[in-house]
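Visitor: One structure is given below, represented as C-alpha cells, and several questions about it will come after.
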Amino acid sequence: MNFDKEKTLDIFLNVLFDRYRKAVPAVKKITGSLIEAGVIKAQEEIVNDHIAFRTLGVPHLGIASFEKIFLHQGYKKMEYYYFEGKKLNAYWYAPPAPEYPRIFMSELIVKELSELAQQLIYKYTSSIHKDPVDALDLDNGAEIGTFFHQPLWQLPDLADYQRLLEESEYAAWVIYNRYYLNHYTISVQDLKPGYNKLEDFNRFVESLGLKLNSSGGKIKVSADGLLRQSSTMAEMQEAVFAEGERMPIAGSYVEFSERLVLPEFRELPLTEIKREHRREGFETNNADKIFESTYIKPAKD
Ligand code: OOG
Ligand code: NI
C-alpha cells in the first residue's frame with residue numbers, strides 16, 4: 001500500500017462522508033449526543049466498521065464497474081452474498097489497512113425483475129454506452145469524490161419512481177439516490193462501557209427520538225452469534241422529481257455493529273484485542289433485514 005493510494009482514499013471517503021453527514025440528520029444527532037455525553041470528543045473517534053453502496057446490475061454499471069474504484073485503492077474482494085427475495089447480489093471488500101472501513105456493495109439483479117420494471121430502469125440507464133469508471137483517474141481522490149455525487153442518469157419522473165417502488169424498494173431508492181453513500185456503521189465495541197453493547201447503544205439511539213429498523217428484531221444476530229447489527233430507519237426527505245413533482249422518500253441511514261471476539265482469542269486481555277481477533281465479514285440473514293432500513297411502503301403483514 002503506497003502513501004498516495006491512502007491519500008486518494010482519504011480524500012474521496014471524506015467527500016462522501018461530508019455530504020452524507022449534511023444530508024442525514026441522524027448522523028449529526030448521534031455524534032453530537034455522544035460528544036455531549038462525553039463518550040467521544042469528535043466524529044473522528046468513531047470507528048467506522050463499514051460503508052455501503054447500492055448499484056443497478058445493468059451493462060456498464062453495477063458491481064463490475066463500481067468495484068474498480070475500490071480495488072484500485074487496494075481493497076480486496078471477499079465473500080459473495082445472494083438475496084433471493086430482494087433480487088440482489090452483494091460482496092464485501094476488505095480494506096487495504098485496518099483503519100479504513102470495510103465496503104458492502106450490492107447490486108440489483110435487473111434481469112430478474114418484471115418486463116415493466118426492467119424497461120423503466122433501462123429508460124434511465126440505456127444511454128450509458130461505456131463504463132463511466134473507466135473515464136476516471138483512479139488516483140485522483142477529488143475526481144472520484146465528484147463522480148459519486150454526479151448524476152449518471154436523468155432524474156426520474158415521480159410516476160416511474162412509484163411504479164418501481166411497487167416492485168422493488170431497492171430499485172426505487174437507487175434510481176433516485178444513485179451511488180450516494182447508503183450508510184456508515186458505528187462500531188459499538190470500540191466505544192466506552194455503557195455504550196459498547198448493542199442493547200445499550202440502541203437504547204441511547206432511541207432516547208434521541210430516532211426510530212430503529214425492527215425487521216427481524218431490532219438486533220440482527222449472525223448464526224454464530226458473533227456479528228450483531230442494528231440500524232436506524234432512514235429519515236424521510238422531500239425529493240424533487242423530473243417535472244418538479246415532490247414526494248417524501250427515504251434517504252440514507254446509520255448502522256451500528258458489534259463484532260464479538262472469536263472463540264480462539266477469548267483468553268486474550270481486552271487491551272490486546274484488535275480487529276483481526278473479532279468476527280469478520282457479513283451475514284446474509286442480517287443484511288437481508290438491514291436493507292429494509294430504507295423501506296417506505298407499509299409492511300404487508
Ligand atoms: C445494505 C444492507 C446490508 C449489512 O451490513 O449487512 C448491510 C444496504 O442497505 O444497502 O448493510
Ligand atoms: Ni451495513
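Visitor: Out of everything in the stretch 190-207 that is part of a loop (DSSP other than H, G, I, E, B) and among the charged types (D, E, K, R), what residue ends up being nearest to the chain's Cα centre (by Cα)? Steps first, please.
Guide: So in the stretch 190-207, the residues part of a loop (DSSP other than H, G, I, E, B) come out as 191-197.
Subset that is among the charged types (D, E, K, R): 192, 197.
On the way: LYS192: 24, LYS197: 21 Å.
The qualifying residue nearest to the chain's Cα centre (by Cα) is LYS197.
Visitor: Identify the single condition in (1) modelled with pLDDT of 95 or more; (2) assigned to a loop (DSSP other than H, G, I, E, B); (3) loosely packed, with under 14 Cβ neighbours inside 10 Å that LEU210 does not satisfy, given that it satisfies every other one.
Guide: Checking LEU210 against (1) modelled with pLDDT of 95 or more; (2) assigned to a loop (DSSP other than H, G, I, E, B); (3) loosely packed, with under 14 Cβ neighbours inside 10 Å, the one that fails is (3).
Visitor: Among the listed residues ALA117, ALA172, identify the single one that is over 29 Å from GLU6 (Cβ atoms), within 14 Å of ligand 1 (Cβ to nearest atom) and not in a loop (DSSP other than H, G, I, E, B). Outline the logic, then answer.
Guide: Details: ALA117 fails: within 14 Å of ligand 1 (Cβ to nearest atom).
When all the criteria are applied, what remains is ALA172.
Visitor: Give the residue that is farthest from ligand 1 (Cβ to nearest atom), with candidates limited to residues of the stretch 92-106 that are assigned to a strand (DSSP E or B) and over 12 Å from the mean Cα position of the chain (by Cα). Write out each step before concluding.
Guide: First pass over the stretch 92-106, keeping only residues assigned to a strand (DSSP E or B): 92-94, 102-106.
Within this subset, residues satisfying the condition of being over 12 Å from the mean Cα position of the chain (by Cα) are 93-94.
Values: TYR93: 13, ALA94: 14 Å.
This residue is ALA94.
Visitor: Here are GLY217, GLY209, GLY225, GLY194: which of them is away from ligand 1 (no atom under 14 Å from the Cβ) and within 20 Å of PHE83 (Cβ to Cβ)? Give the derivation first.
Guide: Values: GLY209 fails: within 20 Å of PHE83 (Cβ to Cβ); GLY225 fails: within 20 Å of PHE83 (Cβ to Cβ); GLY194 fails: within 20 Å of PHE83 (Cβ to Cβ).
The conditions single out GLY217.
The values are calculated or read from the model by the stated rules, or taken from the named source; none is laboratory data. These figures come from a predicted structure and were not determined experimentally. Glycine also receives a Cβ, built like all others from the backbone with ideal geometry; neighbour counts cover every protein chain displayed.
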